[in-house]
Amino acid sequence: MKQNLAGMVERARATLSTISLGQKVVIGLLLAGLLLGGFYFYSWITTPAQAPLFSNLASKDASAIVDELNAESVPYTLTDGGQTIMVAKDKVYGLRLTMSGKGLPAGQDTGYALLDQQGITTSEFQQQVTYQRAIEGELDKTLEALQGVNTAVVHVAIPKDQVFVTEQAKPTASVLLDLAAGTQLTGEQIQAVTNLVSSSIQGMDPSQVTVADSNGQVLSSAGTGITPAAGDARSQVETDYQNRLGANAQQMLDTVLGPGHSKVSVRADVDLSQKTSTSDHYTYNKGTPPLSSSGTTEKYTGSGTPVGGVLGPENMPNASGSSGNSNYTKTSATDNNAVDKTTTNTIAPPGDLKRLTVSVVMDSAVAGKLNQSQIQSLVTNAVGIDPVRGDAITVASMPFDNTAAKQAAADLAAAKAAASNAQMWSMIRTGGIAGGIALVILLVWLRNRRREEFEEEYEPLELSDDMLAELERLRVSSTREEASLDTRALELEAAERQKVRGDISAMVSEKPDEVAAMLRGWLSESKA
């Protein structure tokens with residue numbers, strides 16, 4: 001058993017002695033890489049999965065929870081800028097119960113939760129202030145739910161109701177938004193903020209809401225009724241309208257002149273104001289019985305001149321005092337007829353086109369033989385020009401400067417060629433690396449195969465005790481000097497060595513490979 005183990009050790013040493021220094025370095029690096037990869041894999045396997053214990057924590061609550069976890073020696077990880085605490089997944093619920101028992105996270109009661117803290121001795125002023133704070137807290141939570149809004153602060157000014165005042169003051173609100181990095185609210189989002197706040201408070205108009213961001217930029221100004229949302233909507237509607245009409249005309253011109261030989265520019269003036277009108281129309285149908293009728297009759301019979309007429313010389317009482325008989329009758333009638341009334345409320349939606357102007361320019365090199373009046377008529381019909389509305393169209397023909405287009409085409413061709421060349425060299429490098437790896441694997445496989453064949457053909461030498469003693473003496477004598485002997489012993493030993501050397505020479509000539517492998521093993525052992 002010991003001889004087999006010694007033989008294996010000798011063969012291993014002999015194999016290592018045949019490997020160059022570079023090969024030893026590569027083998028060492030491979031072994032180190034395997035050990036390091038195994039270490040990381042073992043760490044990844046043994047590390048428990050983590051889950052968030054609490055998220056969106058205030059700095060004060062996060063600090064208190066971390067102190068408790070450190071006191072209990074619980075491993076944790078802070079993420080999301082310290083607002084989220086990650087712990088082992090199997091300990092989440094237990095730690096939540098533990099922290100809840102200690103009043104963590106403490107948080108801050110906002111919103112309608114403030115109304116639960118009122119007592120029976122709360123004054124009317126305290127009730128009003130608490131109600132206002134509750135509304136502000138609820139609005140804060142609502143606005144923070146918007147994407148891109150980190151923190152929202154809402155302040156509401158609710159005027160007191162006055163008994164003897166006809167026009168009550170309107171409530172106002174101010175909103176401060178802390179936006180995430182790189183976030184910019186669009187006009188529609190700003191309009192949504194103003195509508196959310198105004199709709200949550202009775203009697204508040206959206207124009208009474210001021211919106212600003214943490215940089216001090218006013219996003220919506222109160223009192224003016226003009227918000228960036230209106231300008232953005234107008235610009236967006238006009239842009240969409242212009243692009244749609246311009247695309248229709250451009251597609252038609254590209255078919256006639258070819259791509260790149262014409263350009264259409266459309267300018268649309270869109271009215272985004274909403275208009276409301278009310279009209280009443282009355283009609284009477286003949287033959288319809290009246291709703292109500294009333295009549296009066298007045299009669300007079302007697303002597304004397306009846307009193308009436310206009311006071312004057314012609315209408316003076318008879319000076320002689322004579323009188324005559326007179327009759328007076330007056331009849332009046334009033335009928336309340338049924339009349340049909342029609343009330344029409346018309347709401348004109350925004351988006352009415354006020355004026356449209358179109359400009360068309362064509363390349364004179366292509367459009368020289370074309371009739372510009374026909375082109376103008378085609379474009380007029382394509383975009384819907386209305387002269388009554390004040391629309392205008394202009395068609396012109398002039399030479400185009402194609403220098404930029406040619407340069408862009410040349411740059412594009414060069415970029416494509418460079419990309420193709422880079423892709424080809426990338427494939428060559430990848431193929432070379434793959435071929436090199438395959439060659440190294442092939443060389444290692446061939447060497448191992450040769451080594452296995454050599455080990456299979458190797459047969460242990462059968463040496464006598466004298467030969468082993470002589471070989472051992474030769475190995476030892478290479479590292480240290482032998483002790484001096486007397487002359488007679490040296491002569492006898494020389495004769496014996498001569499005989500053994502002859503046997504060794506004969507064995508070397510018969511089996512040179514086996515002797516060489518054994519000597520290399522001894523030499524490597526002596527160097528060690």
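Here are the numbers for the structure shown:
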| item | result |
| --- | --- |
| Strands (runs of 3 or more DSSP E) enclosed by the stretch 1-100 - at least 2 residues per element that are within 24 Å of ARG520 (Cβ to Cβ) | none |
| Inter-residue pairs, beta-carbon under 9 Å, first modelled with pLDDT of 80 or more and in the stretch 278-297, second surrounded by fewer than 10 Cβ atoms within 10 Å (Cβ to Cβ) and basic (Lys, Arg), 6+ apart | ASP280/LYS341; HIS281/LYS341; TYR282/LYS341; THR283/LYS341; THR296/LYS330; THR297/LYS330 |
| Those residues of the stretch 352-379 which are at pLDDT 85 or above, open to solvent by less than 30 Å² (accessible area, probe 1.4 Å) and within 30 Å of LYS275 (Cβ to Cβ), in sequence order | LEU356, VAL358 |
| Of all residues in the stretch 172-186 being over 26 Å from GLN236 (Cβ atoms) and touching a helix residue (DSSP H, G or I) at 6+ places or on another chain (Cβ under 7 Å), the one that is least open to solvent (accessible area, probe 1.4 Å) | ALA173 |
| Within the stretch 253-280, tally of residues that are of a type in the set (S, T, N, Q), assigned to a strand (DSSP E or B) and under 20 Å from ALA405 (Cα atoms) | 2 |
| Restricting the stretch 122-167 to residues that are loosely packed, with under 15 Cβ neighbours inside 10 Å and touching a Pro at 6+ places or on another chain (Cβ under 7 Å), the residue that is nearest to ASN195 (Cα to Cα) | ALA157 |
| Contacts under 6 angstrom Cβ, first residue in the stretch 236-252 being farther than 13 Å from VAL360 by Cβ and assigned to a helix (DSSP H, G or I), partner open to solvent by less than 70 Å² (accessible area, probe 1.4 Å) and modelled with pLDDT of 85 or more, 6 or more apart | GLU238/ALA268; TYR241/ALA268; GLN242/VAL266; GLN242/ALA268 |
| Only listed residue being at pLDDT 80 or above and loosely packed, with under 12 Cβ neighbours inside 10 Å, chosen from ASP90, ASP116, ASP61 | ASP90 |
| Filter pass, THR403 being closer than 28 Å to VAL379 by Cβ, out of contact with any strand residue (DSSP E or B) (no Cβ under 7 Å at 6 or more places or on another chain) and either open to solvent by less than 90 Å² (accessible area, probe 1.4 Å) or not charged (D, E, K, R) (or both) | yes |
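So that you can scan it fast, the table gives a plain yes or no per residue for (1) of a type outside the set (Gly, Ala, Ser); (2) under 44 Å from the mean Cα position of the chain (by Cα); (3) not in a helix (DSSP H, G or I):
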| position | (1), (2), (3) |
| --- | --- |
| SER332 | no, no, yes |
| ALA365 | no, no, no |
| LEU370 | yes, no, yes |
| ASN381 | yes, yes, no |
| PHE400 | yes, yes, yes |
| ALA409 | no, yes, no |
| THR430 | yes, yes, no |
| ALA434 | no, yes, no |
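The values are calculated or read from the model by the stated rules, or taken from the named source; none is laboratory data. Everything quoted here is computed from the prediction, not taken from an experiment. Note: ideal-geometry Cβ built from the backbone for every residue, glycine included; neighbour counts use all protein chains shown. These area figures cover heavy atoms from the full protein model, side chains too; ligands, DNA and RNA do not enter into them. Shrake-Rupley method; radii C 1.70, N 1.55, O 1.52, S 1.80 Å.
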